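Working notes, beginning with the structure itself.
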Amino acid sequence: MAQLKAVKTTGVPRGRVPQGRAPGVGSIMWDTLTDMAALPLMIPIATMQSALPAVGTAVNKYGIYKSDPQGRGRRTNWSMIRFLYDGGDFAHSEASQLRALHANIKGTHEDGSKYYALHPKTFRIVPDTFLDGVIRIRRDLGKPLTAEEEITLYEEYVQLCLLFGIAEKDIEPDMQAFYVYYEALMRNTMTYNETVQYLTGRAIELPARMKQFKSLQPLADAFHRRFVYPTMKLCAIGALHPIYRERFNLPWSDHDKARYKKLCGRLNRYSRMVPRALRYNPIAYLVRLGFHGPGLVTLQELDRIEAKKKERAAAYKKAAGE
């Protein structure tokens, strides 16, 4: 098992590696995305990924985010930490498995256009949204990056793209060029599709379904509605990129802005009062100790899950008709 070591974030980028490299412990990306103070503001990262038509369509077709949202969430969390971690072979192995999983994800949109999960502009949406998410999370939490830190973060992003198998020719040379591309993507390509609508609505309305102690589910639901859902709903819209939110005219009043600013202030105070070790994502601790956690779901497993869903639906229909 690996021993945990404290690593300080620096403003100096490490040398570029042709095959890519995980940001790693002590990087700006790692320190931001493993901090529980940033967790509420990370919710829209997945939403922005799904707003890309190819991702939204594929997730809706192949994903289990509706039938097993908690399981999907756990696996996503573990996967994210594994490809951000620079210990052992975690990151390169995870990136290879991600490419292998997505190699057969292709199809046709409703408008007849084709999509392919490994198309560079599609597959790099994860690093794209991580880069933009980290910058805006740090700003919203009152800890904006310096110009030097932005250069370091951009190099972390480039290395992550290379790790994902994105060729350097498909990556913008600097942050300014990236935002020209990314803002055009939000204005001209991203959609407010069925997957996005679910992630910003139904997906956050209820807590995890209890497999044991089912009699306590009503209490858990009531607690979630009263104390958790309002914050999740606020962040699900408020932490979206403003260009995307405004393009689709998502509800965002002056009162919402004030509530969001107040929440970010509370998260900032929490991050100053609570030691970093106590704000660490528990999964990050486990990965650093050598635990792999649940693996990715294969397309074959997704097919089996889908078949079971159809069987249950047919049985329910039959029972309802009798």
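The values are calculated or read from the model by the stated rules, or taken from the named source; none is laboratory data. Since we're looking at a predicted model, the values are computed, not measured. Backbone-built Cβ (ideal geometry, glycine too); neighbour counts: all protein chains shown.
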Using the structure shown, decide if LEU160 is more than 16 Å from the chain's Cα centre (by Cα), in a helix (DSSP H, G or I) and either of a type in the set (A, V, I, L, M, F, W, C) or surrounded by 16 or more Cβ atoms within 10 Å (Cβ to Cβ) (or both).
-> no
Filtering region 244-277 down to residues that are part of a helix (DSSP H, G or I), closer than 27 Å to VAL196 by Cα and of a type in the set (Phe, Trp, Tyr) yields TYR244, TYR260
Would region 197-213 turn up any residue that is among the charged types (D, E, K, R), more than 23 Å from PRO40 (Cα to Cα) and either touching a helix residue (DSSP H, G or I) at 6+ places or on another chain (Cβ under 9 Å) or touching a residue at least 12 places away in the same chain (Cβ under 8 Å) (or both)?
-> no
Kindly establish whether GLY26 is surrounded by fewer than 17 Cβ atoms within 10 Å (Cβ to Cβ), at pLDDT 80 or above and either among the aromatic types (Phe, Trp, Tyr) or not in a helix (DSSP H, G or I) (or both).
-> yes
Of the conditions (1) touching a Pro at 6+ places or on another chain (Cβ under 9 Å); (2) small (Gly, Ala, Ser); (3) over 30 Å from ALA37 (Cβ atoms), the single one that ALA117 does not satisfy is (1)
In the list ARG124, ARG138, which residue meets the criterion of being over 24 Å from ILE204 (Cβ atoms) and either touching a helix residue (DSSP H, G or I) at 6+ places or on another chain (Cβ under 9 Å) or free of Cβ contacts under 8 Å to residues at least 12 places away in the same chain (or both)?
-> ARG124
For GLU172, which of the numbered conditions (1) among the charged types (D, E, K, R); (2) farther than 24 Å from TYR115 by Cα; (3) not in a helix (DSSP H, G or I) fails to hold?
-> (2)
For ALA203: the one exception among (1) modelled with pLDDT under 95; (2) surrounded by fewer than 17 Cβ atoms within 10 Å (Cβ to Cβ); (3) at negative phi = (2)
Pick from region 53-73, criterion buried (at least 16 other Cβ atoms within 10 Å of the Cβ) and over 14 Å from GLU110 (Cα atoms), ranking: modelled with the highest pLDDT = VAL59
Looking at region 254-286, which of its residues are farther than 21 Å from MET29 by Cβ and in contact with a Ser or Thr (Cβ under 8 Å, 6 or more places away or on another chain)?
-> LEU263
Some residue of region 243-265 being at positive phi and free of Cβ contacts under 8 Å to residues at least 40 places away in the same chain | yes
What do you reckon, is PRO242 under 30 Å from PHE90 (Cα atoms) and either acidic (Asp, Glu) or loosely packed, with under 14 Cβ neighbours inside 10 Å (or both)?
-> no
Would you point out the residue of region 141-157, among those that are among the aliphatic types (A, V, I, L, M) and touching a residue at least 40 places away in the same chain (Cβ under 8 Å), that is surrounded by the most Cβ atoms within 10 Å (Cβ to Cβ)?
-> LEU153
For region 85-97, pairs from a residue that is modelled with pLDDT of 90 or more to a residue that is in a helix (DSSP H, G or I) and acidic (Asp, Glu), with Cβ under 9 Å and 6 or more apart or across chains, are TYR85/GLU94
